[in-house]
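Student: First the structure, which I've put down as structure tokens, then a few questions once you've had a look.
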């Protein structure tokens with residue numbers, strides 16, 4: 001993916017699953033004020049921005065860990081969780097995420113798990129020494145998400161055209177949400193995937209038909 | 001202005017006052033009356049009626065009252081509010097409960113307050129207002145690109 | 001008794017505080033630390049890596065507290081399923097309420113301090129208890 005398409009602004013990895021879909025994409029507005037007297041508190045980790053100050057790479061949270069080869073159970077469990085978090089694999093036993101309260105907490109629990117399983121782990125906060133290096137990390141992570149979104153889109157499109165069970169739609173929505181939660185540098189495919197899942201749910205089941213009617217009503221001038 | 005609806009509020013009749021006070025009528029006064037008295041109370045008090053059969057702003061075309069207020073008062077340009085409306089709709093309209101992942105959770109919160117407080121609608125409004133503020137703040141965060 | 005946890009409370013810590021106040025220590029006082037080393041002497045730590053009352057064996061801290069204090073109320077365990085999925089999202093339980101709870105807590109943390117969050121969420125968890133209770137009695141979501 002071209003570097004200039006990387007979105008380095010805030011990247012909500014929390015789900016933005018929406019039933020409106022891309023066709024009804026809302027215009028962005030400036031935020032209305034939060035209740036006065038309160039500050040915006042530090043962003044949730046899943047909304048961590050890697051941009052920091054314009055010229056500086058941002059802070060990342062790293063987990064360096066070592067686990068015995070045997071038994072293999074704990075290693076697999078840790079690796080499954082790392083994959084679910086969408087970490088950047090720096091090298092064997094060293095993974096990274098954009099730093100924020102949530103990602104730091106998630107990495108800390110994981111380091112505890114490694115230690116409880118008889119391994120060793122340390123959590124680091126670090127800044128890549130150049131923007132180019134940070135972009136490389138971010139690109140690798142975004143490309144992994146692109147592949148996941150594309151697979152989801154393919155599944156959704158394959159299922160379309162005939163009535164889809166509510167349970168299948170729910171599964172796809174959950175899968176979409178899981179990908180979004182580990183998506184720190186949203187590619188264009190994120191919105192496409194939302195649109196694909198929405199398209200599936202409107203008009204394809206009784207609940208979906210209701211939703212479809214509602215959005216038809218909303219779309220009317 | 002006064003705004004009147006049915007007592008024993010769950011989702012819509014807490015979410016709508018939140019919306020009204022925050023975006024439509026900051027000095028709003030809210031009345032909760034027995035179901036059969038909403039329209040007469042509206043006339044007597046010169047109040048807007050909502051979320052009741054025959055009310056001025058109420059469910060139509062599959063939309064809930066919150067959706068209707070957002071439309072009627074020209075608030076659809078606020079992307080965060082539209083996002084919040086999806087959550088409120090899912091929480092309020094049982095057939096659409098799963099159209100937004102956050103719907104069931106808001107439903108649980110609203111219903112929990114209703115079970116605890118019964119017809120003490122003003123207590124519920126006071127306790128739930130911070131939850132809607134929080135949901136709106138989250139929605140703003142979701143739609144804002146900065 | 002004094003209880004300590006980390007700053008920036010989210011669903012698990014808020015739920016644990018409610019649980020502690022309601023079922024473990026009605027005179028509980030809470031403090032929030034930036035670093036585990038800052039836990040005051042004599043305070044019981046919860047939801048801090050390394051502490052006893054934290055994540056163990058795939059449980060979140062809410063579940064660990066239920067186990068440690070032998071709280072067997074099935075309604076609390078129904079709540080635990082929601083808190084677990086909201087916090088860990090690992091599919092151990094079927095808890096459709098979890099994303100909504102998660103998002104409300106995220107929003108609260110954008111606006112409020114940790115003390116305020118505890119104050120505001122106490123009633124929410126009281127209500128959630130009633131909701132779970134009703135759901136279990138009915139065998140389905142209460143309407």
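Student: Within the range B:94-103, take every residue that is buried (at least 24 other Cβ atoms within 10 Å of the Cβ) and within 16 Å of the chain's Cα centre (by Cα) and give me the one that is farthest from the other protein chains (Cβ to nearest Cβ).
Tutor: B:103
Student: For the range B:64-79, how many residues meet the condition of being surrounded by fewer than 24 Cβ atoms within 10 Å (Cβ to Cβ), modelled with pLDDT of 95 or more and within 9 Å of chain A (Cβ to nearest Cβ)?
Tutor: 4
Student: To continue, here is another question. Among the residues that make up the range A:70-80, is at least one of them at pLDDT 95 or above and either under 19 Å from residue A:180 (Cβ atoms) or surrounded by fewer than 19 Cβ atoms within 10 Å (Cβ to Cβ) (or both)? Give the derivation first.
Tutor: Going through the range A:70-80, the residues at pLDDT 95 or above turn out to be none.
For the range A:70-80, residues at pLDDT 95 or above and either under 19 Å from residue A:180 (Cβ atoms) or surrounded by fewer than 19 Cβ atoms within 10 Å (Cβ to Cβ) (or both): absent.
Yes/no per residue for (1) within 15 Å of the chain's Cα centre (by Cα); (2) touching a residue at least 40 places away in the same chain (Cβ under 8 Å):
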| position | (1), (2) |
| --- | --- |
| B:29 | yes, no |
| B:32 | yes, yes |
| B:50 | yes, yes |
| B:53 | no, no |
| B:58 | yes, no |
| B:61 | no, no |
| B:83 | yes, yes |
| B:88 | yes, yes |
| B:91 | yes, yes |
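Student: A further question on this structure: Which of the residues that make up the range B:126-135 are buried (at least 22 other Cβ atoms within 10 Å of the Cβ) and more than 7 Å from chain C (Cβ to nearest Cβ)?
Tutor: Passing the criteria: B:128, B:132.
Student: Out of everything in the range B:104-120 that is more than 7 Å from chain C (Cβ to nearest Cβ) and within 16 Å of residue B:130 (Cβ to Cβ), what residue ends up being surrounded by the fewest Cβ atoms within 10 Å (Cβ to Cβ)? Full working, then the answer.
Tutor: Taking the range B:104-120 as the starting set, the residues that turn out to be more than 7 Å from chain C (Cβ to nearest Cβ) are B:107, B:110, B:114, B:117-120.
From what is left, the residues that are within 16 Å of residue B:130 (Cβ to Cβ) are B:110, B:117.
Values: B:110: 27, B:117: 21.
Once the filter is applied, the top-ranked residue is B:117.
Student: Please pick out the residue among C:67, C:27 that is part of a loop (DSSP other than H, G, I, E, B) and out of contact with any helix residue (DSSP H, G or I) (no Cβ under 8 Å at 6 or more places or on another chain). Give the derivation first.
Tutor: On the way: C:67 fails: part of a loop (DSSP other than H, G, I, E, B).
C:27 is the lone residue from the list that is part of a loop (DSSP other than H, G, I, E, B) and out of contact with any helix residue (DSSP H, G or I) (no Cβ under 8 Å at 6 or more places or on another chain).
Student: Residues of the range B:21-41 being in contact with a strand residue (DSSP E or B) (Cβ under 6 Å, 6 or more places away or on another chain) and under 9 Å from residue B:3 (Cβ atoms), which ones?
Tutor: Within the range B:21-41, B:28, B:29, B:30, B:31 meet the criteria.
Student: Determine which member of the set C:122, C:127, C:100 is at the interface with chain B (Cβ under 7 Å from one of its Cβ atoms), in a helix (DSSP H, G or I), more than 24 Å from residue A:174 (Cα to Cα) and at pLDDT 95 or above.
Tutor: Values: C:122 fails: at the interface with chain B (Cβ under 7 Å from one of its Cβ atoms); C:100 fails: more than 24 Å from residue A:174 (Cα to Cα).
Residue meeting the stated conditions: C:127.
Student: Next up: Within the range C:50-59, how many residues are at the interface with another protein chain (Cβ under 9 Å from one of its Cβ atoms), surrounded by fewer than 20 Cβ atoms within 10 Å (Cβ to Cβ) and either outside any loop (DSSP other than H, G, I, E, B) or touching a helix residue (DSSP H, G or I) at 6+ places or on another chain (Cβ under 7 Å) (or both)?
Tutor: Qualifying residue count, the range C:50-59: 2.
Student: Given the criteria at pLDDT below 90 and in a helix (DSSP H, G or I), does residue A:212 qualify?
Tutor: Values: at pLDDT below 90: yes; in a helix (DSSP H, G or I): yes.
In short, yes.
Student: Same structure again: Could you tell me whether any residue of the range B:128-144 is part of a loop (DSSP other than H, G, I, E, B) and touching a helix residue (DSSP H, G or I) at 6+ places or on another chain (Cβ under 8 Å)?
Tutor: Pass one, the range B:128-144, residues part of a loop (DSSP other than H, G, I, E, B): B:144.
Next cut, touching a helix residue (DSSP H, G or I) at 6+ places or on another chain (Cβ under 8 Å) only: B:144.
Scanning the range B:128-144 turns up at least one residue that is part of a loop (DSSP other than H, G, I, E, B) and touching a helix residue (DSSP H, G or I) at 6+ places or on another chain (Cβ under 8 Å).
Student: Exactly one condition in (1) touching a helix residue (DSSP H, G or I) at 6+ places or on another chain (Cβ under 9 Å); (2) more than 14 Å from chain A (Cβ to nearest Cβ); (3) surrounded by fewer than 23 Cβ atoms within 10 Å (Cβ to Cβ) is false for residue B:49; which is it?
Tutor: All conditions are met except number (3).
Student: Given the criteria assigned to a loop (DSSP other than H, G, I, E, B) and under 23 Å from residue C:105 (Cα atoms), does residue C:42 qualify? Break it down stepwise before answering.
Tutor: Details: assigned to a loop (DSSP other than H, G, I, E, B): yes; under 23 Å from residue C:105 (Cα atoms): no.
Taking the combined requirement at face value, the residue does not satisfy it.
Student: Any idea how many residues of the range C:60-90 are modelled with pLDDT under 95 and away from chain B (no Cβ under 14 Å)?
Tutor: Count: 2.
The values are calculated or read from the model by the stated rules, or taken from the named source; none is laboratory data. Here the structure is a predicted model, which means the values were calculated and not measured. FYI the Cβ positions are ideal-geometry reconstructions off the backbone, even for glycines, and counts take in every protein chain you see.
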